[in-house]
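Just so it is clear, none of the values below were taken in a lab; they were calculated from the coordinates. Bear in mind that the values here come from a model prediction, so they are computed numbers and not experimental data. Heads up, the Cβs are rebuilt from the backbone with ideal geometry, glycines too, and the neighbour counts pull from every protein chain shown.
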Amino acid sequence: TQLLEQSPQFLSIQEGENLTVYCNSSSVFSSLQWYRQEPGEGPVLLVTVVTGGEVKKLKRLTFQFGDARKDSSLHITAAQPGDTGLYLCAGEYGNKLVFGAGTILRVKS
Amino acid sequence: GAVVSQHPSWVICKSGTSVKIECRSLDFQATTMFWYRQFPKQSLMLMATSNEGSKATYEQGVEKDKFLINHASLTLSTLTVTSAHPEDSSFYICSARASMNTEAFFGQGTRLTVV
């Protein structure tokens, strides 16, 4: 059983559509991070959410941290082909940074 | 942002040989480094956590005698895959951070292919 459950695993959508990726856990996290990874490269940090109920925006990306700090979501508005990639949520657990299973997003033009 | 450099970017080795992968923090001192393994289209699986000057803590199911981790300085950690076999072929990624609850920066990964 993974500490962080991420869904959906795969998402294939048309350019211009909206989408939401979810990251859920039964554990409380002091913070959650969202990363994006391109093939053959390391993950790149998009955002860190720290406060329960926090909402952060990064252009067309909106990140939410649940009030209980057990879950988070990533919402992309008007997806573009350049958004294609692997999206990963990660959380601090003890002294370790653990990742969800990831969501492969493909945006078709 | 801070830079973590991983070397080599890719390596092909013969079955039975050992391969060393380096992870360097170029502009900060990393008290903790993490090593991950990633299979195609899958997430990062934590292999071990290493703190400078102490033995690495391995995740369940990861053979510490096969994946030797050394974190001898605040800027360098190495992962040695000993007696590599084709099933060890994977993408290995390191990350480093200055202290607990600070941002972890990732290397660019190492593609290991064992033939």
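Pair-distance distribution of chain B: all C-alpha pairs, bin width 5 Å, starting at 0; shares per bin in whole percent are 2, 13, 24, 26, 20, 10, 4, 1. In the range A:1-69, Cα pairs under 8 Å separated by at least six residues give a relative contact order of 22 percent. Dipole size of the range B:1-109 about its Cα centre, with +1 on Lys/Arg Cβ and -1 on Asp/Glu Cβ: approximately 120 debye, rounded to the nearest 20.
For the protein assembly as shown, list log₁₀ I(q)/I(0) at each q in 0.08, 0.15 Å⁻¹, using the Debye formula over Cα point scatterers of equal strength and ignoring solvent, two decimals each. Taking Cα atoms of the protein assembly as shown as identical point scatterers yields -0.29, -0.99. Among residues other than A:Phe63 with Cβ under 10 Å from its Cβ, the summed charge is +1 (Lys and Arg +1, Asp and Glu -1).
Note on chain B: dipole from Cβ charges, positive end direction compared against B:Cys23, B:Ala72, B:Val114; the farthest Cα belongs to B:Val114.
Are there trypsin sites (Lys or Arg not before Pro) in the range A:16-59 that DSSP puts in a loop and that have at most 12 other Cβ atoms within 10 Å, and which ones? Let's see the in-between values first.
Values: sites: A:Arg36, A:Lys56, A:Lys57, A:Lys59; in loops: A:Lys59.
Those satisfying the criteria are A:Lys59.
Explain nothing, just the number: relative contact order of chain B, from Cα pairs under 8 Å at least 6 residues apart, as a whole percent.
Details: 297 pairs, mean separation 43.3, N = 115.
Worked out over chain B, it gives 38 percent.
In terms of Cα atoms, the Rg and Dmax of the range B:16-75 work out to 12.3, 35 Å.
Can you list the trypsin sites (Lys or Arg not before Pro) in the range B:3-76 that are in a DSSP coil and have 15 or fewer other beta carbons within 10 angstrom? If you can, show how the numbers build up before the last one.
Numbers: sites: B:Lys14, B:Lys20, B:Arg24, B:Arg37, B:Lys41, B:Lys55, B:Lys64, B:Lys66; in loops: B:Lys14, B:Lys41, B:Lys55, B:Lys64, B:Lys66.
Of the trypsin sites (Lys or Arg not before Pro), the ones in loops of the range B:3-76 whose Cβ has at most 15 other Cβ atoms within 10 Å are B:Lys14, B:Lys41, B:Lys55, B:Lys64, B:Lys66.
Going from the residue with the fewest nearby Cβ atoms within 10 Å to the one with the most, A:Asp67, B:Asp65, B:Asp88 rank B:Asp65, A:Asp67, B:Asp88.
Lys and Arg at +1, Asp and Glu at -1: add these up for the other residues within a Cβ distance under 15 Å of B:Leu112 and post the number. Before the final figure, lay out each step's value.
Working: positive: B:Lys14, B:Lys20, B:Arg37, B:Lys66, B:Arg111; negative: B:Glu22, B:Glu87, B:Asp88.
That works out to +2.
Could you please report the charge total around A:Gly52, scoring K, R as +1 and D, E as -1 over all other residues with beta-carbon less than 12 angstrom from its beta-carbon? Here the count lands on -1.
Cysteines in chain B lacking any other cysteine Cβ under 4.7 Å from their own Cβ: B:Cys13.
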